[in-house]
Amino acid sequence: MDSYDVVVIGAGFAGLVAARELALRGHAVVVLEARDRIGGRTWTDERLGRRLEMGGTWVHWLQPHVWSEITRYDLRVEASPVARTIRWIADGRAHETSPAEFNALISPAMDRLAADSRSWFPLPHEPLHRADLDRIDHLSVADYFAGLDLTPAEREVTTGVWAEHFNGPAAVSGLTQAMRWCAVASGNWQLLHQATSGHRLTDGTAALAGAIAADSDAELRLGSVVTSVAQDAGGATVTTADGSRLTARQVICTLPLNVLDTIDFRPALPAAKLAANAERTASQGLKTWIRVRGEITPFTGYAPDDHDLTFVHTEYTVDGDTLLVAFGTRAADLAPDDVEGVARALRAWREDLEVLGVAGHDWMSDAFSRETWPMQRPGQLTAHLAALQEPHGAVRFAGSDVATGWAGFIDGAIESGLRASRAARSALRGAGG
């Protein structure tokens, strides 16, 4: 039986950063990754004629932890194309306006949300700072916008914008999560939009994940599916699907919330963690790439969350064609590689585009994620976040699901990995390690 100071479960950004920090300080660390690659819910792959991001993509200098890593490894970023026109759907009809006109349409609701976010989250990286958050945490973004004095078009479009942000229906998208995003973007929704979809890594997220892994002496085992974590007075024994058993004094678990129940923890996880896992996150959507014939003028499209696709944006040109990235809120209704279904959904905005191919990964049916980017439902901030962040004996938890700042982003995963590694390091030192 192999013995380590720390076993890290998962080689996404949280796990890679935690392993690096501990290994650089002299600890014996092994990372167990179920997939045959690192990166977790980020995945740079060759599709449709070029390198594309199947999962998480965008980064920004407003996101402090990921920007520090980009600086550390001297990586480059590039801007996504700026839309020349916006196509949006309201009252069952498609409209086309300039970006400035679209911003004017959504600004009454977005300005109010941004202002409220500064009040409710005055310290954005301390999301539970206010003790009275239960006054609003039960609300969804749909509830919130329904309560504002807006025109039907303003309400429908702005609600759809936030459903896209959540990658899930607006009715199950927690208002406090939306406010947290606005707050970490300095309470400015236009900065938020720049930070969440404005810039990407030139060489892909795989370049950053690879740089972190290469900078670490931690052992990495791919294809290692963890089935159980049994604790005793000396630490924990981690068992994998192939029967391997490893002992460690500390364990860092970075599994997404929706698959936390796939590991048999002994003793069992506390009821609060299990309750959050049972509720699942708000995200239940899809991401797909679409290759259309010819080079087209960059545009962005928004649609209400009853459409199969709620967002589309021009991202690349390749060999005279254009690649669009699109998102929908219900993966159960549209597979990301369904050419006919995606083409049909795209026609809600534009009937003039010829779809040549589509590509995507169904994260909802992926046994190692069962969610896209993690977003909270109404009530989950006050009911579950603090409990999810708590250790369970020698087991500590990390991942964007439990981040305090940019939850739902690579930045949040890195932040949580740093916190977990520091806590594990403190525990090891306290035990004489």
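The values are calculated or read from the model by the stated rules, or taken from the named source; none is laboratory data. Since the model is a prediction, treat every value here as computed from it, not as a measurement. Neighbour counts are summed over all protein chains in view; Cβ atoms, including those assigned to glycine, are modelled from backbone coordinates with ideal geometry.
Quick one: in region 201-250, which of the residues that are among the hydroxyl-bearing types (Ser, Thr, Tyr) and part of a loop (DSSP other than H, G, I, E, B) is surrounded by the fewest Cβ atoms within 10 Å (Cβ to Cβ)? For region 201-250, the residue satisfying everything is THR202. Inside region 375-391, residues that are farther than 15 Å from LEU260 by Cα and not aliphatic (A, V, I, L, M) make up a count of 6.
Residue check: is LEU148 without any contact (Cβ under 8 Å) to a residue 12 or more places away in the chain and either aliphatic (A, V, I, L, M) or more than 27 Å from THR205 (Cβ to Cβ) (or both)? Criteria not met by LEU148.
Among the residues making up region 309-334, those that are closer than 17 Å to GLU295 by Cα and not aliphatic (A, V, I, L, M) are HIS313, THR314, GLU315, TYR316, THR317, ASP319, GLY320, ASP321, THR322. Where strands (runs of 3 or more DSSP E) fall wholly inside region 293-369, the ranges with 1 or more residues that are in contact with a helix residue (DSSP H, G or I) (Cβ under 8 Å, 6 or more places away or on another chain) and among the aliphatic types (A, V, I, L, M) are 311-318, 321-328, 355-359.
For region 289-297, the criterion of being within 27 Å of MET375 (Cβ to Cβ) and outside the structural domain of VAL17 (by TED's automatic domain parsing) is satisfied by at least one residue. Looking only at region 257-277, which residues are under 25 Å from the mean Cα position of the chain (by Cα) and either free of Cβ contacts under 8 Å to residues at least 12 places away in the same chain or within 30 Å of VAL355 (Cα to Cα) (or both)? Selection gives ALA271 alone. Inspect region 235-248 for any residue being within 30 Å of ALA345 (Cα to Cα) and in contact (Cβ under 8 Å) with a residue 40 or more places away in the chain and give the result as yes or no. So far as region 235-248 goes, no, none of its residues is within 30 Å of ALA345 (Cα to Cα) and in contact (Cβ under 8 Å) with a residue 40 or more places away in the chain.
Exactly one residue out of ALA163, ALA178 is in the same structural domain as VAL141 (by TED's automatic domain parsing), in contact with a helix residue (DSSP H, G or I) (Cβ under 6 Å, 6 or more places away or on another chain) and under 20 Å from ASP333 (Cα atoms): that is ALA163.
Please tell me if ARG51 is surrounded by fewer than 20 Cβ atoms within 10 Å (Cβ to Cβ), without any contact (Cβ under 8 Å) to a residue 24 or more places away in the chain and basic (Lys, Arg). For ARG51, the condition - surrounded by fewer than 20 Cβ atoms within 10 Å (Cβ to Cβ), without any contact (Cβ under 8 Å) to a residue 24 or more places away in the chain and basic (Lys, Arg) - is not met.
Considering region 143-180 alone, what residues qualify as being hydrophobic (A, V, I, L, M, F, W, C) and surrounded by 20 or more Cβ atoms within 10 Å (Cβ to Cβ)?
Of region 143-180, the ones hydrophobic (A, V, I, L, M, F, W, C) are 145-146, 148, 150, 153, 157, 161-163, 166, 170-172, 175, 178-179.
If the condition is that a residue be hydrophobic (A, V, I, L, M, F, W, C) and surrounded by 20 or more Cβ atoms within 10 Å (Cβ to Cβ), then PHE145, VAL157, VAL161, TRP162, ALA163, PHE166, ALA170, VAL172, LEU175, ALA178, MET179 are the ones that fit.
Close contacts from region 1-28, counting a first residue that is in the same structural domain as ILE252 (by TED's automatic domain parsing) and a second that is among the aromatic types (Phe, Trp, Tyr), with Cβ to Cβ under 7 Å and a gap of 6+ residues or different chains, come to ALA28/TYR4. For region 251-282, filtered to residues that are in contact with a Phe, Trp or Tyr (Cβ under 9 Å, 6 or more places away or on another chain) and assigned to a loop (DSSP other than H, G, I, E, B), the residue that is farthest from GLY10 (Cα to Cα) is ALA282. Taking region 107-163 as the range and being in contact with a strand residue (DSSP E or B) (Cβ under 9 Å, 6 or more places away or on another chain), within 10 Å of THR176 (Cα to Cα) and part of a helix (DSSP H, G or I) as the test, the residues that pass are ASP137, VAL141.
When THR42, THR71 are checked against the criterion of being among the polar types (S, T, N, Q) and crowded, with 21+ Cβ neighbours inside 10 Å, THR42 stands alone in meeting it. There is no residue in region 177-192 that is touching a residue at least 24 places away in the same chain (Cβ under 8 Å) and part of a strand (DSSP E or B).
Annotation: of all residues in region 326-352 being of a type in the set (Val, Ile, Thr) and in contact with an Asp or Glu (Cβ under 9 Å, 6 or more places away or on another chain), the one that is farthest from PRO304 (Cα to Cα) is VAL342. Yes or no: region 298-306 includes at least one residue that is more than 21 Å from ARG41 (Cα to Cα), at pLDDT below 95 and touching a Leu at 6+ places or on another chain (Cβ under 9 Å). No. The criterion of being touching a residue at least 60 places away in the same chain (Cβ under 8 Å), closer than 16 Å to SER283 by Cα and not assigned by TED's automatic domain parsing to the domain that holds GLU33 holds for TRP363.
Would you call ALA185 surrounded by 23 or more Cβ atoms within 10 Å (Cβ to Cβ), assigned by TED's automatic domain parsing to the domain that holds LEU128 and at pLDDT 95 or above?
Details: surrounded by 23 or more Cβ atoms within 10 Å (Cβ to Cβ): yes; assigned by TED's automatic domain parsing to the domain that holds LEU128: yes; at pLDDT 95 or above: yes.
Considered against the rule, which asks whether it is surrounded by 23 or more Cβ atoms within 10 Å (Cβ to Cβ), assigned by TED's automatic domain parsing to the domain that holds LEU128 and at pLDDT 95 or above, ALA185 comes out as yes.
Every residue in region 141-153 that is within 23 Å of ALA282 (Cα to Cα) and out of contact with any Leu (no Cβ under 6 Å at 6 or more places or on another chain), please. Correct list: ALA142, ASP143, PHE145, ALA146, GLY147, LEU148.
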